[in-house]
Amino acid sequence: MSLVRVTQFSVSLDGYATGEGQSLEAPFGHAGHRLMEWFSATRLGHQVHGDDAPARRGVDDALVSSGWDGSVGAEIMGRRKFWPYPGEWTDDWRGWWGEDPPFHTPVFVLTHHPREPMEMEGGTTFHFVDGTPEQVLAQARDAAGGLDVRIGGGPTTVRQFLAAGLVDLLHVAVVPIVLGRGVSLWEGLEGVEADFDIETVHSPTSGVTHLLFQRKGA
């Protein structure tokens, strides 16, 4: 069976994956770009941001590349990763990533306000669905065609899938900053580490510590 993966998921030293006050102008709230500076320096980061300068290679780049190697056939994300506000949708909003998002797969957006799919360039189609983690994962697996399914965030969505015991591989990038407030990845998950074998890799260039969780028996 295909694996369920979380790749290059950034958290602060105190466990926050999004700062307080998320908005269109501040996708990560008061954290600004600090959680993602290390990612922006990699080849994929340059591609996403349209940066033509030479990308930094090394530990960070190698681990990011391993999560985007063509083995993922569908993505699941929370509503607030696609659009930062609750309630009804704004019809003209098409996501943060432009007309050719980096996913190139079906993407299932969890929401209490389902709507018609949104087809983008490059093979990405956003499906706006309501359901339990198990139900949405079943839809994503059907769409993935035997490939892996990525849980793309934000922290509330990753936490829900971890709590349900559905994540096989988890890559957490611990960024050496303290946010003090925001949305925690680990809230309510006391003892979750017992379900995984864990390895750590440190990047001396960025200062990021990569935690690699593999579910026991997966």
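The values are calculated or read from the model by the stated rules, or taken from the named source; none is laboratory data. Quick caveat: nothing in here was measured; it's all calculated off a predicted structure. Positions of Cβ are generated from backbone atoms using ideal geometry, with glycine treated the same way; all protein chains shown enter the neighbour counts.
Things to note:
- Residue that is surrounded by the fewest Cβ atoms within 10 Å (Cβ to Cβ) [pool: residues in the range 175-201 that are touching a Gly at 6+ places or on another chain (Cβ under 9 Å) and closer than 22 Å to Val59 by Cβ]: Pro176
- Filtered residue count, the range 1-30, keeping only those that are touching a Ser or Thr at 6+ places or on another chain (Cβ under 7 Å) and in contact (Cβ under 8 Å) with a residue 60 or more places away in the chain: 4
- Boolean, Thr157 is in contact with a helix residue (DSSP H, G or I) (Cβ under 9 Å, 6 or more places away or on another chain), buried (at least 16 other Cβ atoms within 10 Å of the Cβ) and of a type in the set (Ser, Thr, Tyr): yes
- Taking the criterion of being crowded, with 17+ Cβ neighbours inside 10 Å and not in a strand (DSSP E or B), the residues of the range 115-141 that qualify are Met120, Thr124, Pro133, Val136, Leu137, Gln139, Ala140, Arg141.
- Scan of the range 164-182 for residues that are over 26 Å from Thr205 (Cα atoms) and out of contact with any helix residue (DSSP H, G or I) (no Cβ under 8 Å at 6 or more places or on another chain), ordered by number: Asp168
- Of all residue pairs spaced 6 or more apart or on separate chains, those with beta-carbon atoms under 6 Å, a first member in the range 116-144 that is touching a residue at least 12 places away in the same chain (Cβ under 8 Å) and a second member that is small (Gly, Ala, Ser) and assigned to a strand (DSSP E or B) are Ala140/Ala74; Ala143/Ala74; Ala144/Gly73; Ala144/Ala74.
- For the range 165-199, the set of residues classified as within 20 Å of Glu134 (Cβ to Cβ) and not in a loop (DSSP other than H, G, I, E, B) consists of Leu169, Leu170, Val192, Asp195, Phe196, listed by residue number.
- When Ser40 is tested against the conditions (1) touching a strand residue (DSSP E or B) at 6+ places or on another chain (Cβ under 9 Å); (2) without any contact (Cβ under 8 Å) to a residue 40 or more places away in the chain, the lone failure is (1).
- Qualifying residues in the range 142-164 (those that are at pLDDT 95 or above and assigned to a strand (DSSP E or B)) - the one farthest from Gly217 (Cα to Cα): Gly152
- Listed by position, the helices (runs of 4 or more DSSP H) enclosed by the range 1-101 that each have at least 1 residues that are over 23 Å from Val129 (Cα atoms), at pLDDT 90 or above and of a type in the set (A, V, I, L, M) are 59-66.
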